[in-house]
Amino acid sequence: MACFIAGINPKGSASAVPFAIGDEILEVNGLVLHGRSHLNVPTIIKGLVGSSVKFIVLRRSSATEDLAVKPVTQFPVCIDEEEELFSAYKNVRVVSIKKGSSGLGIMIIEGKHAEVGQGIFISDIQEGSMADKAGLNIGEMILSVNKDSLIGCTYETAASLLKKTEGVVSLKICNPSKTNDTDAYANNLDPNVPNTVSGKKSPVPTTDVKIPSRPVTPKPQASPAKEVVDPSKAEIATNENTTIEINTEKNPSGICVIGGCDSLVNTGAVIIDILPNSVACKDKRLQVFDQILEINGTKISLDLSAKQIQKAVKQLLPKVRLVVFRPNTAETEKVEIELLKKAGKLLGVGFRTNHPNGIVVTDMLPGGIAESDGRIQKGDIISNLNSESISNMSFEDCSVLMKTTQGKITFTIVRPKPKTRLL
């Protein structure tokens, strides 16, 4: 596995740097990315803080042959070259609309659908508008505007593209849940950025909101007496097992878990970090030091190795189902580890900042002092270095401190120590 640069946006900061398509990203801000999947690397890069980013890349003459996609040369990506991008969507059609003085007559939202995931959806249509006459329906997903793909676009980007269109506008549309009566809200659309193309807010779409511009069939509402706990909405209670479900749309969950029979945390698996802007971070229910008892049907037994637990965590499924135990107070221990650093010898610790308890060890470089000593492991949280708290330090300051400190170095490690709990 590796992460390669597939394209360089001429409007981005990277265009001023001598990057080349095919360069393999080995390291960023001291974090080793060599051997990591391209699914994980963007999350790591997006979570970096500071005004500058330092890359170490490897350039090979034949690297473009290792790319899993064609080199990206147009921004947004030209859909003529990426037609297979839409092969997974149902009921795809092209609709041509002549844009009038009053616009297209559609309102859009950035939301997600249970089947097709995150995207730009039609939330309302003005009666008698060009979009109404063209046969567009509420709840349909806009895949592209003219030749500009909207897959992965934010609301702001989509609205800007629609505003700039003139004359005849070609929209590629899909209807992921085609029914007799198309209703964006009956189709499990879960909007998170409600807005209209004109910039005015549209009603927050819930099952209780009616769309005034077009009659729709309301979604039947369950009787309160029959209401059951929905794992996708269940809140995690303390001191009891809670089953939750997170829609990941086959994206990494963003949770970092430590534990395993062959690790220094061998009594269970515990969340030690939640990556910023990840699926789990946006879901907001999981917390650092929550204990995971089951992942997608895999029970966390005491005979599972760290590798087996990580494999279960990293599964890319449409939904992640977890059984979580949250103690009243975090079950942790503090360990002090003293290392001797000599001039010219690296500690060999890769880490990530922005953690409430310190910095999280993300990598142990082979041959480094820490790796040779064996008492520090990936997932450890370093709260102090030589009695100096580093919990609120920037990545740059921590890096300087790690590199310049010599002689005896005392690390204070905050490490999960969960009680043995089995399902």
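The values are calculated or read from the model by the stated rules, or taken from the named source; none is laboratory data. Values in this document were obtained by computation on a predicted structure and should not be read as measured data. Cβ atoms come from the backbone with ideal geometry, glycine included; neighbour counts cover every protein chain shown. What goes into the accessible areas is simple: the full protein's heavy atoms, side chains included, and nothing from ligands, DNA or RNA. Shrake-Rupley method; radii C 1.70, N 1.55, O 1.52, S 1.80 Å.
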| query | Between segment 345-375 and segment 377-401, what is the C-alpha centre distance in whole Å? | reply | 10 Å
| Can you work out ³J(HN,Hα) from phi for every residue in segment 8-19, in order, using Karplus 6.51 cos²θ - 1.76 cosθ + 1.60 and θ = phi - 60°, giving whole Hz and x for Gly and Pro? | 10, 6, x, 8, x, 5, 5, 5, 8, 9, x, 6
| remark: Between Ser232 and residues 5 or more places away or on another chain, the pairs with built amide H atoms under 5 Å apart involve Glu245
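Given the pairs Lys99/Lys233; Lys233/Lys334; Lys299/Lys345; Lys46/Lys417; Lys284/Lys408; Lys11/Lys233, which are separated by over 32 angstrom at their Cα positions? Show your work: numbers first, answer last.
Details: Lys99/Lys233 41 Å; Lys233/Lys334 34 Å; Lys299/Lys345 41 Å; Lys46/Lys417 30 Å; Lys284/Lys408 40 Å; Lys11/Lys233 40 Å.
As for pairs spanning more than 32 Å Cα to Cα, those are Lys99/Lys233; Lys233/Lys334; Lys299/Lys345; Lys284/Lys408; Lys11/Lys233.
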| Given 10 °C and 1.306 mPa s, how large is the Stokes-Einstein diffusion coefficient of segment 27-67 in µm²/s, with Rh as the Kirkwood radius over Cα pairs? | 137 µm²/s
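Ser389 to Ala343: FRET efficiency via 1/(1 + (r/R0)^6), r the Cβ-Cβ distance, R0 25 Å, to the nearest 0.05? Numbers along the way, then the final one.
On the way: r = 26 Å, r/R0 = 1.03.
Computed FRET efficiency for Ser389 and Ala343: 0.45.
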| request: For segment 292-410, just the Cα set please: Rg and Dmax, both in angstrom. | output: 17.0, 49
| If amide H atoms are built 1.01 Å from N in the plane of the peptide, which residues on other chains or at least 5 residues away come under 5 Å of the amide H of Leu150? | Ser144, Val145
| Tell me, what ³J(HN,Hα) does each residue in segment 325-341 have, in order and in whole Hz, if you take phi through Karplus 6.51 cos²θ - 1.76 cosθ + 1.60 with θ = phi - 60° and put x for Gly and Pro? | 10, 10, x, 4, 10, 4, 8, 9, 9, 9, 10, 9, 10, 10, 10, 10, 9
| query | Excluding ligands and nucleic acids, what accessible area in Å² is computed for Cys153 using a 1.4 Å probe, to the nearest 10? | reply | 20 Å²
| field | Under Karplus coefficients 6.51, -1.76 and 1.60, residue-wise ³J(HN,Hα) of segment 342-352 in Hz, glycine/proline x | value | 9, 4, x, 10, 8, 5, x, 10, x, 8, 10
| For segment 320-364, what log10 I(q)/I(0) values come out of the Debye formula at q = 0.21, 0.23, 0.24 1/Å, with one point per alpha carbon and no solvent? | -1.03, -1.10, -1.12
| Out of residues 5 or more away from Asn384 or on other chains, whose amide H comes under 5 Å of its own, with H placed 1.01 Å from N in the peptide plane? | Ile390, Thr412
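How big is the Rg/Rh ratio for segment 86-138, C-alpha atoms only, Rh by Kirkwood, two decimals? Could the numbers behind the result be given before it?
Working: Rg = 12.3 Å, Rh = 12.3 Å.
In segment 86-138, Rg relative to Rh is 1.00.
Ranked highest first by average number of other Cβ atoms within 10 Å, how do 379-386, 99-106, 57-64 line up?
Details: 379-386: 20.8, 99-106: 16.0, 57-64: 13.0.
Going from most to least packed, we get 379-386, 99-106, 57-64.
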